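The values are calculated or read from the model by the stated rules, or taken from the named source; none is laboratory data. This is a predicted model, so every value here is computed, not measured. FYI the Cβ positions are ideal-geometry reconstructions off the backbone, even for glycines, and counts take in every protein chain you see.
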Amino acid sequence: MPVINVDDLTDKDKALMEVNQLKIEVKLERWLTSKCCEEIKDYIQAGVDEDTLVKGISEEKNPFKEKGGCVVC
Amino acid sequence: MGEMEELRKEAESLKDQITAARKTVQDTTLQEAAAGITAVGRVQLKTRKTLRGHLAKIYAMHWGADSTLCVSASQDGKLIVWDSITTNKVNAIPLKSSWVMTCAYAPSGNLVACGGLDNMCSIYNLKGKDGNVKVMRELAAHTGYLSCCRFLSDTEIITSSGDCTCVLWDIETGTEKTIFAGHLGDCMSLAVSPDFKFFISGACDFTAKLWDIREAQCRQTFSGHESDINAIGFFPNGNAVITGSDDATCKLYDLRADQELNTYQDSSIMCGVTSLAPSVSGRLLLAGYDDFNVNIWDTLKSERVGVLAGHDNRVSCIGVSSDGMACCTGSWDSFLKIWN
């Protein structure tokens, strides 16, 4: 399969490609943004309590904890 | 000349129809919808580990699926596989070309890949029989630099290039299976959807495109940025896309609404975004900038909630491990840092 070299395309080729692509995209069925925002919120709420970067992690449970000094008992 | 004018008019008309269709479904903004949600509060992450060993600028890093190993690429001509917990170097792979711009870890953990100004994507087998890491394949066909690569499996990889195309490769035969053309500027970054059916690309034509891998088609195009898109990633549920641009902003686009839901910007931030990664729940967006910092954004409230300051040069790459336990940053200062 030959690689398409964008530099070789004429302005007309590019314009045609753009129109053909827009014809595909114009047909898309779009959801209401309210529904999409709800889904994003729900997804986040479901996972945020387990999200270490948001909630933090205790020193003992942290696999990346910095090495402590040695304690001689 | 008549034909060009007709095509231009047709394109404008279709774009107007798309703009109108997007407006029709825009019954709320994300900030409005999230108004009742408690703010996340100040996020202060600490450097837990510093991975030292590269001798020049780090351009890319990628976590392995086990959330412990990660690979980094530097223009010192090396790929290093690190154990992020012990900070040991598991492999130090010398490259034929030191002009590397990207690297990737296969989900299986068996392979890594890299590429750059050599226009090629080189695949390395980490699990070869004699223990030596060797080049397994050199995928050559792009006519521009390799900006990004991501494995679908041990047999398929997707690359993005300065030649404005992305390519799906068959690693075993070393040949192109599919060429994804449509961008009118250098492709700078790509990300694969969690279900491996789609990928998104960000380019210097200021747009992001969603591609159906098997149908070999561009499904959607997202505009709005005012400069090159350098970084791109999927929101963890796979239904939204996050982009980072030289216009100093990040944007969140929803795939089903086919439009932008949020822009992450601040008047005090005037430099380009180089890299980004969402936290595992999607609540935080970590983005690396040209001013040596990483800004942490609350994705719902659109506010900056933290800063990771610790590098002495541009943050070129960032990644959150798949279990969400840590974030890794790579910099032109030659160090990687692990934060949580």
Condition check for residue B:74: facing another protein chain (nearest Cβ under 9 Å) and buried (at least 17 other Cβ atoms within 10 Å of the Cβ) = no
Mind listing just one residue for me: the one in the stretch B:284-309 that is acidic (Asp, Glu) and within 30 Å of residue A:36 (Cα to Cα) and, of those, surrounded by the most Cβ atoms within 10 Å (Cβ to Cβ)?
-> B:298
Qualifying position, being more than 7 Å from chain B (Cβ to nearest Cβ) and without any contact (Cβ under 8 Å) to a residue 24 or more places away in the chain, among A:16, A:22, A:9 = A:9
Matching option when the condition is closer than 28 Å to residue B:331 by Cβ, surrounded by fewer than 24 Cβ atoms within 10 Å (Cβ to Cβ), more than 13 Å from chain A (Cβ to nearest Cβ) and at pLDDT 95 or above, among B:281, B:227 | B:227
Reported set for the stretch B:173-196 where residues are hydroxyl-bearing (Ser, Thr, Tyr) and more than 14 Å from every other protein chain (Cβ to nearest Cβ) is B:189, B:193
May I ask you to list the residues in the stretch B:119-145 that are under 16 Å from residue B:95 (Cα atoms), within 14 Å of another protein chain (Cβ to nearest Cβ) and either among the basic types (Lys, Arg) or touching a Ser or Thr at 6+ places or on another chain (Cβ under 6 Å) (or both)?
-> B:121
Within the stretch B:199-224, which residues are within 14 Å of chain A (Cβ to nearest Cβ), in contact with an Asp or Glu (Cβ under 8 Å, 6 or more places away or on another chain) and among the small types (Gly, Ala, Ser)?
-> B:203
Within the bounds of the stretch B:4-27, is there any residue that is at the interface with another protein chain (Cβ under 7 Å from one of its Cβ atoms) and loosely packed, with under 11 Cβ neighbours inside 10 Å?
-> no
Within the stretch B:271-284, track down each residue that is of a type outside the set (Gly, Ala, Ser), more than 18 Å from residue A:56 (Cβ to Cβ) and assigned to a strand (DSSP E or B).
-> B:273, B:274, B:276
Just wondering, is there one or more residues in the stretch B:54-68 that are more than 27 Å from residue B:284 (Cβ to Cβ) and either of a type in the set (A, V, I, L, M, F, W, C) or surrounded by fewer than 19 Cβ atoms within 10 Å (Cβ to Cβ) (or both)?
-> yes
Which of the following residues is surrounded by fewer than 24 Cβ atoms within 10 Å (Cβ to Cβ), within 14 Å of chain A (Cβ to nearest Cβ) and touching a residue at least 12 places away in the same chain (Cβ under 8 Å): B:312, B:323?
-> B:323
Identify, from the list A:41, A:61, A:35, the residue that is of a type outside the set (A, V, I, L, M) and facing chain B (nearest Cβ under 7 Å).
-> A:41
Matching residues in the stretch B:242-278 - criterion: being aliphatic (A, V, I, L, M) and more than 12 Å from chain A (Cβ to nearest Cβ) | B:248, B:269, B:270, B:273, B:276
Quick one: in the stretch B:326-340, of everything that is within 13 Å of chain A (Cβ to nearest Cβ) and not aliphatic (A, V, I, L, M), which residue is surrounded by the most Cβ atoms within 10 Å (Cβ to Cβ)?
-> B:329
Out of the residues in the stretch B:238-265 that are touching a helix residue (DSSP H, G or I) at 6+ places or on another chain (Cβ under 7 Å) and among the charged types (D, E, K, R), state the one that is nearest to residue B:288 (Cα to Cα).
-> B:254
Please go through the stretch B:72-92 and pick out each residue that is of a type outside the set (S, T, N, Q), free of Cβ contacts under 8 Å to residues at least 60 places away in the same chain and farther than 13 Å from residue B:115 by Cα.
-> B:80, B:81, B:83, B:85, B:89, B:90, B:92
Those strands (runs of 3 or more DSSP E) lying entirely in the stretch B:209-270 with at least 3 residues of a type in the set (Val, Ile, Thr) and under 24 Å from residue B:20 (Cα atoms) | B:240-245
